[in-house]
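Read the figures in this text as sums done on the coordinates, not as results from a lab. Just so we're clear, the structure is a prediction, and the values are computed from it rather than from any experiment. Every residue, glycine among them, receives a Cβ derived from its backbone with ideal geometry; neighbour counts consider all protein chains shown.
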Amino acid sequence: MAASKNNKEKLPTLLPSGNREYSFFEQVFEVARQIPMGRVTTYGAIAEYLGAKKSARMVGWAMNAAHDQTPPVPAQRVVNRNGMLSGKAHFSTPTLMQELLEKEGITVQNDTVVDFEKILWKPE
DNA sequence: GCATTGACGAAGG
DNA sequence: CCCTTCGCCAATG
């Protein structure tokens, strides 16, 4: 079955605007909500879990819409593969993301999560 | 409707 | 080791 790639059962359509059906975006939201307090994950890990490892960018894009989701999506727990708070600029204030993480017991230095690999959590 | 832009990541130079 | 390019796919201009 090398000729066919049928692993695309999820998601072509999405759009947080208008369409409220299950979509790649919503799946991202759900996974993000699974991240335990005090832990973090990466865009790539979420994308990989959803079967679209190469679409890590879409995960980040989904996070853009996450602000409007209920229950809220802990977007602060999603960082890039280096443990860097690449999304902090998209929060209300440039420091909010770090502050939220620190409230959960996560130490952040130089926009990067300390002991990132130790607190890294991956969906299963 | 094409071109640019991403909260990414892996690969190449 | 640092920088650039490519892939991925939706949103925006």
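Side notes on the structure shown:
- Counting only aspartates and glutamates at least 8 places from A:K54 when in the same chain, those with an alpha carbon closer than 17 Å to its own are A:E9.
- For A:V79, nonlocal amide neighbours, meaning residues 5 or more places apart or on other chains whose placed amide H falls under 5 Å from its own, are A:T41, A:T42, A:Y43.
- Taking 0.36 nm per residue of sequence separation and removing the Cα-Cα distance, the A:R33/A:E102 pair yields an extension gain of 23.1 nm.
- Listed peptides A:106-112, A:26-32, A:80-86 by packing density, highest first (mean Cβ within 10 Å): A:26-32, A:80-86, A:106-112
- Global form of the stretch A:42-86, assessed from the alpha-carbon gyration tensor, a/c cut-off 1.5: oblate
- Spin-label model, A:T95 to A:R57: label points 7 Å out along the Cα-to-beta-carbon direction sit 3.3 nm apart.
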